[in-house]
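Structure, as structure tokens:
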Amino acid sequence: MSVRTLEARSLVKDFRLRSGLKTTILHAVKDVSFTLEPGKTVALVGESGSGKSTIARMLMKLETPTSGEILLDGTRSGDAGRALERYRSDVQMVFQDPFASLNPFHTIIHHLERPLRIHNRGLSAGEVRGKALELLERVRLSPAESFAERRPHELSGGQRQRVAIARALAPGARFIVADEPVSMLDVSIRLGVLNLLAELQREEQLGVLYITHDLATARHFSDEILVMYRGDIVERGPADEVIRNPQHEYTKTLLAAAPEPENFGRLRDEVRAELAR
Ligand SMILES: Nc1ncnc2c1ncn2[C@@H]1O[C@H](COP(=O)(O)OP(=O)(O)OP(=O)(O)O)[C@@H](O)[C@H]1O
Ligand SMILES: [Mg+2]
């Protein structure tokens, strides 16, 4: 039995930026390590530009690390061909913008049947359709038949994101990288989508990387929080602990800016005092 982990080990990503004759190096991700496990959610929080999406893209093998490695069940898997296909059936991504990530010309069921066919060669057309309908029910798009033949624009933003989640599950993913999965959705439906992700995570024992700006949902939906600042993880720990007892100045600043009055007010005052000095 394999260990069933997805590990980022000392990931580094430098971008070369050219302007005219000058080249500068941007250290987008400096030396980042963490492990995803089944049934656990790790939140990656940090300000805009801190390197969160770059980490997500490296985990998805959409971007090659400058150094460091990604280990699935302890093994470095291939970056091309069949090996990449296998890797991508285990590790799937949910993007920020469900509209851009779905093809406007294809029906909802097509988005699910395609990965099902690729990853379950040998299934009949009827079996593939049955599995696709089951997936729609699993993301609470019910009755599935009423959504199957629609196109993305005929769904609400929240429903589209549910389709994106179903599509991530279609190849049998064990790990989901969700890069700000609800930040483009109306505030009123965000919680519904996050709750769905949390339920699936429990039911299917998925390992989830939840990337967000929002500390309140990071606390509520994750086991561990990693705080990123300019390419580094500056603080990490059990979610409650990081929120209740932040150690790093930047985490305190983030908390002070978070719109949750309960126990953040005290911190806000502390940070204000700090900044005024
Ligand atoms: N392909 C690229 N070429 C050059 N620079 C890049 C590239 N991709 C990202 N960057 C830079 O790397 C840094 C990290 O970007 P990244 O998208 O990972 O941030 P982020 O934490 O996801 O931000 P946000 O919260 O706004 O989504 C930024 O300075 C960005 O401009
Ligand atoms: Mg990003």
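The values are calculated or read from the model by the stated rules, or taken from the named source; none is laboratory data. Predicted model only: the values in this text are computed from it and were never measured. Positions of Cβ are backbone-derived with ideal geometry, glycine not excepted, and every protein chain shown enters the neighbour counts. When the accessible area is computed, the model is the full protein with side chains, heavy atoms only, and any ligands, DNA or RNA have been set aside. Shrake-Rupley method; radii C 1.70, N 1.55, O 1.52, S 1.80 Å.
Which log10 I(q)/I(0) values, to two decimals, does the stretch 69-170 give at q = 0.10, 0.15, 0.17, 0.18 Å⁻¹ under the Debye formula with one point per Cα?
For the stretch 69-170 at q = 0.10, 0.15, 0.17, 0.18 Å⁻¹, log10 I(q)/I(0) is -0.30, -0.64, -0.79, -0.86.
Starting from the Cα of residue 245, step 7 Å along the direction of its Cβ; do the same at residue 107; then give the gap between the two resulting points in nm.
5.6 nm
Using the Karplus curve 6.51 cos²θ - 1.76 cosθ + 1.60 with θ = phi - 60°, work out ³J(HN,Hα) for each residue of the stretch 244-256 in order, rounded to whole Hz, and write x for Gly and Pro.
Residue by residue, the stretch 244-256 yields 6, 9, x, 9, 8, 3, 5, 4, 4, 5, 4, 5, 5 Hz.
Which value, in debye to the nearest 20, gives the size of the charge dipole of the chain about its Cα centre, when Lys and Arg are +1 and Asp and Glu are -1 at the Cβ?
Working: 39 positive and 38 negative charges, 169 e Å.
Dipole size: approximately 820 debye.
For the chain, what is the accessible area per residue in Å², given a 1.4 Å probe and the full set of protein chains?
On the way: 13720 Å² over 277 residues.
For the chain, the solvent-accessible area averages 50 Å² per residue.
When only C-alpha pairs under 8 Å and at least 6 residues apart count, what is the relative contact order of the stretch 6-245, in percent?
29 percent
What does the charge add up to near residue 212, with Lys and Arg as +1, Asp and Glu as -1, over the other residues with Cβ less than 13 Å from its Cβ? Could the numbers behind the result be given before it?
Working: positive: 52, 190, 219; negative: 47, 179, 180, 214.
Surrounding charge for residue 212 is -1.
Label points 7 Å out from Cα along the Cβ direction at residue 47 and residue 125: separation in nm?
5.6 nm
Compute the signed sum of charges (Lys and Arg +1, Asp and Glu -1) over the other residues within less than 14 Å, Cβ to Cβ, of residue 80. It would help to have the intermediate numbers written out before the result.
Numbers: positive: 61, 76, 82, 86, 88; negative: 79, 85.
In short, +3.
Tell me which residues come under 5 Å, amide H to amide H, from residue 46 once H is placed; ignore anything under 5 positions away on its chain.
HN-HN under 5 Å from residue 46: 212, 228.
Restricting to lysines 8 or more places apart or on different chains, can you count the pairs in the chain with Cα atoms under 26 Å from each other?
16
Just to be sure I follow: if Rg is taken over the C-alpha atoms of the stretch 158-245 and Rh is the Kirkwood radius over the same atoms, what is Rg/Rh? Don't skip to the answer; put the middle values down first.
Working: Rg = 13.4 Å, Rh = 13.8 Å.
A ratio of 0.97.
So for each of 192-200, 117-125 I average, over its residues, the number of other beta carbons within 10 Å; can you give me the resulting order with the highest mean first?
On the way: 192-200: 18.1, 117-125: 11.7.
Per-residue Cβ counts within 10 Å, averaged per peptide and sorted highest first, yield 192-200, 117-125.
Quantify, in whole percent, the carbon and sulfur part of the accessible surface of the chain (1.4 Å probe; protein heavy atoms only). Write down the numbers at each step before the final one.
Numbers: 6820 of 13720 Å².
Taking all protein chains in place, the chain shows 50 percent carbon and sulfur surface.
Given the convex hull over the Cα atoms of the chain, what projected area results after averaging over all orientations, in nm²?
Details: hull surface 70.8 nm².
Averaged projected hull area, Cα only: 17.7 nm².
What figure in square angstrom, to the nearest 10, would you give for the accessible area of residue 86 with a 1.4 Å probe?
The value for residue 86 is about 140 Å².
Going out from 0 in 10 Å bins, what whole percent of all Cα-Cα distances in the stretch 1-78 drops into each bin?
Answer for the stretch 1-78: a P(r) of 17, 46, 26, 8, 2, 0 percent.
To check you understand DSSP bridge types, tell me what percent of the beta bridges within the chain (both residues inside) are antiparallel, rounded to 5.
Values: 24 of 43 bridges.
Restricted to the chain, the bridges split so that about 55 percent are antiparallel.
Can you give the FRET efficiency for residue 18 and residue 204, using 1/(1 + (r/R0)^6), R0 = 41 Å, r = Cβ-Cβ distance, to the nearest 0.05?
Numbers: r = 44 Å, r/R0 = 1.07.
Step by step, r from the Cβ atoms, then E = 0.40.
In whole Hz, what ³J(HN,Hα) sequence does the stretch 133-138 give by Karplus (6.51, -1.76, 1.60; θ = phi - 60°), x for Gly and Pro?
Each residue of the stretch 133-138 in turn: 5, 4, 4, 4, 5, 5 Hz.
Place +1 on the Cβ of every Lys and Arg and -1 on the Cβ of every Asp and Glu in the chain, take the dipole about the Cα centre, and give the residue among 124, 41, 195 whose Cα lies farthest towards its positive end.
Looking along the dipole axis, the top candidate is 124.
I want to check the label-to-label distance for residue 27 and residue 76. Put each point 7 Å from Cα in the C-beta direction and report it in nm to one decimal.
2.2 nm
Please list the non-local residues whose amide H lies under 5 Å from the amide H of residue 31, H modeled 1.01 Å from N, same-chain partners needing a gap of 5 or more.
Under 5 Å from the amide H of residue 31 lie the amide H atoms of 233, each far enough along the sequence or on another chain.
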